[in-house]
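These notes concern the structure reproduced below.
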Amino acid sequence: MNKKIKIAIAIVLLLIVGFAIFYISDYYHAEKVAIDSLNNTDDVSAIKTSNGMLLDGPGNDTALIFYPGAKVEYTSYAPLFMNLSSEGIDCYLVEMPFNLAFLGQDSADEIIDDGNYSHYFISGHSLGGAMAASYVNSTNKTDGLILFASYSTSEIEKPVLSIYGSEDKVLDMEKYNESIGFIDDNLTEFEIDGANHAQFGYYGNQSGDGIAKISAESQQKQSVNEIMDFIDGVLA
């Protein structure tokens, strides 16, 4: 191999490495309100785990495992799940490698294998939801799937709750509607009027998203209510 080819290969490799470093370091950071919500309350304790955070509330029978959206810091979703935990559903927020859920699709395995809950639900936002859906398909360890602004690309036999906003401009609704056929018999849908893609968490505005017509607090409160109704129905 001559010198020019070696130099060319080295340049290409440097460009690839440089792009990769830039890509994975450019992500949505959790806002202060999300970080502050992790302060322990009378009902919920935030406990650091080996692969994220456990929000340990008054419940001890059912847990929810959450996969964050692509390039979103996992603690951005703390307020929503602190509220859910206070209702009796302990929540695990998974910290994905490089904030990319497809690099940690099986993260729920460690949580479930080391846990002692009777029931587990898995959930995810956007790309995290797609990876959670894939996990449901590959295991029989969960009782149901909860999607935030996401969809499955294959058939799901477990009960599914799908939550999305009317102002979401990031979710591909054409692909979403196509996916309904995979889960139609097991699907509960809830569209939040005025909600957008990003306000399930606190990480700022997301590129390409619509403008929300309701507050993040309202969007998340409605989500918690729907999740509780869904889980109660599945476990009834």
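Counting only residues that are under 16 Å from K71 (Cβ atoms) and not acidic (D, E), the range 24-49 holds 7 of them.
Look at (1) out of contact with any Phe, Trp or Tyr (no Cβ under 6 Å at 6 or more places or on another chain); (2) of a type outside the set (G, A, S); (3) modelled with pLDDT of 95 or more and you find that L55 fails only one, number (1). Look at (1) touching a Leu at 6+ places or on another chain (Cβ under 7 Å); (2) at pLDDT below 95; (3) not polar (S, T, N, Q) and you find that A149 fails only one, number (2).
Considering only residues that are charged (D, E, K, R) and in contact (Cβ under 8 Å) with a residue 24 or more places away in the chain, look in the range 25-45 and name the one that is nearest to M131 (Cα to Cα).
Restricting attention to the range 25-45, the residues satisfying the condition of being charged (D, E, K, R) are 26, 31-32, 36, 42-43.
Among the residues that remain, those that are also in contact (Cβ under 8 Å) with a residue 24 or more places away in the chain are: 26, 31, 43.
On the way: D26: 21, E31: 24, D43: 30 Å.
Looking at residues that are charged (D, E, K, R) and in contact (Cβ under 8 Å) with a residue 24 or more places away in the chain, I get D26.
Considering only the range 188-195, I want to know if a residue exists there that is among the small types (G, A, S), buried (at least 23 other Cβ atoms within 10 Å of the Cβ) and either modelled with pLDDT of 95 or more or touching a helix residue (DSSP H, G or I) at 6+ places or on another chain (Cβ under 8 Å) (or both). Yes - at least one qualifying residue is present in the range 188-195. Right, D184: of a type outside the set (S, T, Y), in a helix (DSSP H, G or I) and at negative phi or not? Judged against the criteria, D184 is a match. Regarding the range 199-214, can at least one residue be identified that is charged (D, E, K, R), closer than 20 Å to Y28 by Cα and without any contact (Cβ under 8 Å) to a residue 60 or more places away in the chain? Yes, that holds for at least one residue.
Scanning the range 153-172 for residues that are surrounded by 20 or more Cβ atoms within 10 Å (Cβ to Cβ), small (G, A, S), over 20 Å from V72 (Cβ atoms) and at pLDDT below 95 turns up nothing.
The values are calculated or read from the model by the stated rules, or taken from the named source; none is laboratory data. Since the structure is predicted, the reported quantities are computational estimates derived from the model, not experimental observations. Note that each Cβ is placed from the backbone with ideal geometry, even for glycine, and that neighbours are counted across all protein chains shown.
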